[in-house]
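No value in this document is a laboratory result; all are computed from the given coordinates. Here the structure is a predicted model, which is why all the values come from computation and not from measurement. For neighbour counting, all protein chains shown are included, and Cβ atoms are generated from backbone atoms with ideal geometry for every residue, glycine included.
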Amino acid sequence: MPKQAKESTLLRQWMLLRLLSNSDQRASELKRRLAEEGFDVTIRTVQRDLASLSEIFSLEVNDKNPRDYGWRWSKGARLDVKEMSAHEALALNMAELHLASLLPAITMNALAPSFNLAKARLGQLERHNLNNSKNWLNKIRVIQPAQSLVAPEVDEGVQQNIYHALMVGRRILAVYQSIGSQEPKEYELNPLGLLVRGDVYYVVASAKEYSSIALYAFHRFKRAEVLSKKITIPEGFNIDDAIKNGLGDFGGAQENIQLKIRCNKELITYLRETPLSQDQLITTVDDQYILTASVNDTWQLMWWLMSKGSALEVCEPESLRLQIKHEYQQGLHQYL
């Protein structure tokens, strides 16, 4: 038998041992589970493998159904099979791809052996033509539903210090240049959370003993030093509540506004599938579509409304309607 075929048989039998438990499992079920791991063989092959393995390992057979024997480990038998399954390897490989920039360096270093084992496992299966996971990895992509932008550069030392401060609950002494400042300034911040918005990373923080919460973009930090002082958490702070109140969309109003817009048919079709809010209501008036929804008055809402151009008209609230009208007039002036 060629070397590759021998290795493939060994891998299959090793996985078969791993799939067995202390309760009866039919050969047909084991065949199905082997196929999920990339070993597509006949039930006869599974039965032959189990019969051979039972001569070496403590396996028991239930032969009441001669067409589909049940197999299990003998009572008290135990085998610690460390081999990683194809599904585990795939999950870890995807986790490394998508979570690497979200995890502290110390966590990534701790997980490195598992990530390396996952890569080796997928490579092993691929060499023996048993790997469907590569097809999955090659077919899955994550994109943002917005204009593609080049991610800003972030100082690696700054990022790791912020991560560390978040993990241990310590303040940071930061040199930070806000978007409207000409020069960076020094801040003592209480890092309270991490928020990822597209390709931009923000630390949710309050300053010194103040209770107001703000977002600080990683790429605008010039320096971040972890202090020995413990953070001060503002009374009642909850990151999910803050996001619900518009923090992630650069807002923060405590009460929603009642938005009323007039839309064309194409936009209404889209908003029926992906509503603006849970209480969204669509009515038809004189062959026109009117939508009402409770939404947070944020910068993101303003951007979204203006991005739709002639597809919608803001009817209420009046203050928002006038604001958008002003923005359109200013924009049109630049094209005259």
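For the chain, leaving out every one of the trypsin sites (Lys or Arg not before Pro) that falls in a DSSP loop and has at most 13 other Cβ atoms within 10 Å, the longest unbroken run is 209-336.
Expressed per residue, the C-alpha convex hull volume of the stretch 257-334 stands at 94 Å³. Scanning residues 5 or more positions from Ile231 or on other chains, those with amide H under 5 Å from its amide H are Arg170, Arg171, with H placed 1.01 Å from N in the peptide plane. If you run the Gaussian network model on the chain, springs between alpha carbon atoms under 10 Å, then out of Ile106, Ile239, Ile143 the most flexible one is Ile143. Counting residues in the stretch 86-139 as N, plug N into 2.2 N^0.38 Å and put the Cα Rg over that result. Normalised by 2.2 N^0.38 Å, the Cα Rg of the stretch 86-139 equals 1.16. Please give, to one decimal in nm, the separation of the simple spin-label points placed at Ala214 and Lys185, each 7 Å out from Cα toward the Cβ. So the two model labels end up 0.6 nm from each other.
Here, the chain is characterised by an Rg to Rh ratio of 1.14, where Rg is the alpha-carbon radius of gyration and Rh the Kirkwood radius.
Given R₀ = 22 Å, what would the calculated FRET efficiency be for Ile140 paired with Gln160, taking r from the Cβ atoms and rounding to 0.05? Intermediate results must be reported in sequence, preceding the final value.
Working: r = 28 Å, r/R0 = 1.29.
Taking R0 as 22 Å, the efficiency between Ile140 and Gln160 is 0.20.
Among the chymotrypsin sites (Phe, Trp or Tyr not before Pro) within the stretch 265-336, those in coil by DSSP and having at most 12 neighbouring Cβ atoms inside 10 Å are Tyr335.
Using 0.36 nm times the number of residues separating Ala51 and Leu97, minus their current alpha carbon distance, what extension gain do you get?
Numbers: separation 46, 0.36 × 46 = 16.56 nm, distance 4.08 nm.
Length difference between fully extended and current span is 12.5 nm.
Please compute the Kirkwood hydrodynamic radius of the stretch 3-73 from all pairs of different C-alpha atoms, in Å with one decimal. Please list the in-between numbers first.
Values: mean 1/r = 0.0827 Å⁻¹.
Answer for the stretch 3-73: a Kirkwood hydrodynamic radius of 12.1 Å.
Size of the stretch 156-244 from its Cα atoms: along the principal axes, largest to smallest, the extents are 33, 31, 22 Å.
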